[in-house]
């Protein structure tokens, strides 16, 4: 048995946010509404009360919130975007979020993930899109646990893989 | 007779005997032995027989340089059809057998192997003196270092040294190694992988390393190759006899396992290093009959060493042959230089230790494409100082000899002509492949000059060891035969895996249910409960039909079709791809992508669309809904969901980056069901009592956001069956609830869940094509009779230009028609003209079903000039013969669309 635990950790809301990173005024406006600067560095995560903004690509962010529902968060963000060119899409049901924690969490994930999971290469508050075995995932380090965002149709495959890696590490 | 000495053997624990079985005989060794050391200790000289010649073979090496004797191993946690005996750790109840030519694959019990990914600053491959020093230095400032060592013990050649070693500041090898290992172990960012072998080295510092139960994928900024050097054999008559061994390996058996490879040995060397081996043998009480050295004389140190141990040195001599059938009985020695009528000396001995010099074990660097080159001073093929990708640096003996001058005068000796009565076909170059001097001579006489060609002609170097010891030897011999320099011989490249690896290690956890993702919809549990038979659509499991007791698939499908045509059916359509297309240029973008016009679509309306590739052929199709002036919801086929999004992104990012459009996959945000059949409106009325559903308020091909079954929902009127139908989409997490509510609301209307097979029949009755079934990448919308979905007014769209090409508008193309055979034909059946002798195909069947609605079998087919043939009769292949079929319009059911509005 590896020293790791796998559980679901679904936030109430996940909302996709597409913004032109060159439109500083729009970024500021949306960030002000959320109460945080939007992440602009690759893999960065910024935090605000009850939520976080994950950098997924140069013009692609994912906003998650623990308390408000998807449609409320969409309304907030659309209000902030206003007449600017930005896309807000409710993705609350589009991905399941799994949490992996424990001493061996990184080793369990590294049975299937090729990116560097060492704290030097993947520090707290960092996010990356990658493959977990043959499933596309978003991976976020959240304190001493890892969050794996995966499409619901792949969730049972990913959970089975990680549970197998926890239960039966190679001798 | 035991060849285990009563002293020495740093690896073995004589207090822990181990019993094992080899070739059916119970034998014993010690904890710490390898199979090779235990068998040699027991006096077993012959381990196996050779592949083609059936000659007896014993080990020529103590480890992975083995080229002669291979074994199959089972039990004690190992299950391998082919292993070098020196790499098999001895364990209680190990069962092994020598290869009778080749290995045997056994059915093995399932065992779990794993993969693991790690990154580091410096990867050091090889844990000998150079590797340890490199790892120590690299990690001293906290860098992440991974050290890979093939053995359980670190130290490499140091493990064969006793007393203080030159270059280690007066320390003994053991003390120095222990000190370095302790330092490395104390550094948290150092990882040492023991019993680990690099299978492959790839560009930019990616290495794949195998342990028995885990495959490591290592990514490093820098790679230091400290894999040492491989001793070269020499080709002479009988050099494959058990008892002929590389000198360094004989020393290893002595030092590590206390095993004498013979009682009276001859050493044949052109290298001072083997003098130390002779001295060590003498010190251990083994008689050294002579050192045979083709050089005029060794270096001073080597000469003194031989003198001190009273070992006779035969200068300017070479071993021409070994006598003995199953082992070494005597060694025949001739003057070197190979003059005819040579005087000959015959020395009785039971082992012959050979050293033809050393070659860097640099095969891994050639994996990355870097080449080895002959170095006249080192008399070896050396790797470059740095790999072509500038990441990998050979260090230590892998880079070449430190200082050629320090190891005495050097001479390269490759082969010795056989004496009278012996033949070149017993002078072995590649023992694993049974390739001899005679084979190489035949290749050269056939006109081959390139080592690559000779390799293919003779199979030299194509064994599991990839010619680790044979390659350099063969190059030297070829240079001599071709009367050129070894510099002209370009070494062949090694390839991964550097050593054989079991498939189950490569497979790792990717087996059984983890082999490939199985994707299921949010409603999957309900399908299971309803007795669904599933079909694979890409990685998805979709219900094919729902079997009731006593039904087969045909009966269930027939019942489901009837339900949709006469009552109401419910289908899970969650797998269909869904893309949110948003932005001020969304309409312009879709007009360019699709063959139809979408910019004029009213908000709240839906329209069918076809995507073509630039060649004008159908790529995908689906219904597009305009949700707002600047927002569309695009649906795709299940299989192409990801491909369509990539296609959109490719055009947006590479061709039209100025278009302000964002595409977002929302396939799994939504769970969807289709409610189809004349009673669908009645069922929906119960689910959504506040929504006006009559044809005027909610016409065909419209969409609205509303509430269904108490859930926020997107409701649309689309139909793939020709019947009155609705699609309901809710958040994926509400999918099960929507299904349950719909089934409950439809109970009084005889609602039946239906699967993909019924859906296929229903759509085929209406002449609707399916991408990938009627189309195969060579079919245009016009071929399918879907010219109405291609705009004549738009200036351009992807595929438009191809649609104007002469060959594409030709009436000779295959066109979609329906066929009405008297019996059901198979999909893929060929279509030909009726009667007569002309059996050439003019088309093929793309779909074929039994229709409950039509009361007959029918098919869809792509037929050359098909539309012209409507009303006529054609032949379709059927079993061994033919069946006639009437050609019909593809829409066989309700051609006027009267049923669409209920």
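The values are calculated or read from the model by the stated rules, or taken from the named source; none is laboratory data. Remember, predicted model here, so these are calculated numbers, not experimental data. Backbone-built Cβ (ideal geometry, glycine too); neighbour counts: all protein chains shown.
Details
- Hits in region A:24-39 - residues which are over 16 Å from residue A:59 (Cβ atoms) and surrounded by fewer than 13 Cβ atoms within 10 Å (Cβ to Cβ): A:32, A:35
- Just so you know, in region A:99-122 the residues that are more than 14 Å from every other protein chain (Cβ to nearest Cβ) and under 15 Å from the mean Cα position of the chain (by Cα) include one that is nearest to residue A:164 (Cα to Cα), and it is A:100.
- Selection status of residue B:730, under 45 Å from the mean Cα position of the chain (by Cα), within 14 Å of another protein chain (Cβ to nearest Cβ) and surrounded by fewer than 23 Cβ atoms within 10 Å (Cβ to Cβ): no
- Of the candidates B:195, B:214, the single residue that is within 14 Å of chain A (Cβ to nearest Cβ) and crowded, with 17+ Cβ neighbours inside 10 Å is B:214.
- Residue in region A:52-68 that is closer than 29 Å to residue B:628 by Cα, away from chain B (no Cβ under 14 Å) and in a helix (DSSP H, G or I) present: no
- Residue in region B:825-843 that is surrounded by 18 or more Cβ atoms within 10 Å (Cβ to Cβ), assigned to a loop (DSSP other than H, G, I, E, B) and touching a residue at least 40 places away in the same chain (Cβ under 8 Å) present: yes
- Qualifying position, being modelled with pLDDT of 95 or more and part of a strand (DSSP E or B), among A:87, A:76, A:111, A:103: A:87
- Residue under evaluation residue B:411, criteria (1) outside any helix (DSSP H, G or I); (2) surrounded by 16 or more Cβ atoms within 10 Å (Cβ to Cβ), criterion not met: (2)
- Top-ranked residue in region B:1-20 [being outside any loop (DSSP other than H, G, I, E, B) and in contact with a helix residue (DSSP H, G or I) (Cβ under 9 Å, 6 or more places away or on another chain); ranked as surrounded by the most Cβ atoms within 10 Å (Cβ to Cβ)]: B:20
- The number of residues in region B:21-44 being surrounded by fewer than 24 Cβ atoms within 10 Å (Cβ to Cβ) and either more than 38 Å from the chain's Cα centre (by Cα) or part of a strand (DSSP E or B) (or both) comes to 11.
- Selected residue [in contact with a strand residue (DSSP E or B) (Cβ under 6 Å, 6 or more places away or on another chain) and farther than 17 Å from residue B:289 by Cα] from B:361, B:320: B:361
Each row is one residue, and each column tells you yes or no for (1) within 28 Å of the chain's Cα centre (by Cα); (2) surrounded by fewer than 22 Cβ atoms within 10 Å (Cβ to Cβ); (3) free of Cβ contacts under 8 Å to residues at least 24 places away in the same chain.
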| site | (1), (2), (3) |
| --- | --- |
| B:102 | yes, yes, no |
| B:125 | yes, no, no |
| B:135 | no, no, no |
| B:139 | no, no, no |
| B:149 | yes, no, no |
| B:169 | no, yes, yes |
| B:189 | no, yes, no |
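- Subset of region B:377-390 (residues that are under 15 Å from residue B:207 (Cα atoms) and crowded, with 20+ Cβ neighbours inside 10 Å): B:387
- For residue B:204, the conditions (1) under 35 Å from the mean Cα position of the chain (by Cα); (2) crowded, with 21+ Cβ neighbours inside 10 Å; (3) outside any strand (DSSP E or B) are fulfilled apart from (2).
- The helices (runs of 4 or more DSSP H) falling completely within region B:474-569 that include 2 or more residues that are more than 38 Å from the chain's Cα centre (by Cα) and more than 14 Å from chain A (Cβ to nearest Cβ) map to B:553-566.
- Filter result for the condition that a residue is farther than 30 Å from residue B:647 by Cα and either more than 14 Å from every other protein chain (Cβ to nearest Cβ) or in contact with a helix residue (DSSP H, G or I) (Cβ under 7 Å, 6 or more places away or on another chain) (or both), over B:759, B:743: B:743
Yes/no matrix, rows are residues, columns are (1) in a loop (DSSP other than H, G, I, E, B); (2) within 30 Å of residue A:119 (Cβ to Cβ); (3) at pLDDT below 90; (4) within 14 Å of chain A (Cβ to nearest Cβ):
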position	(1), (2), (3), (4)
B:118	no, yes, no, yes
B:130	no, no, no, no
B:162	yes, no, yes, no
B:177	no, no, no, no
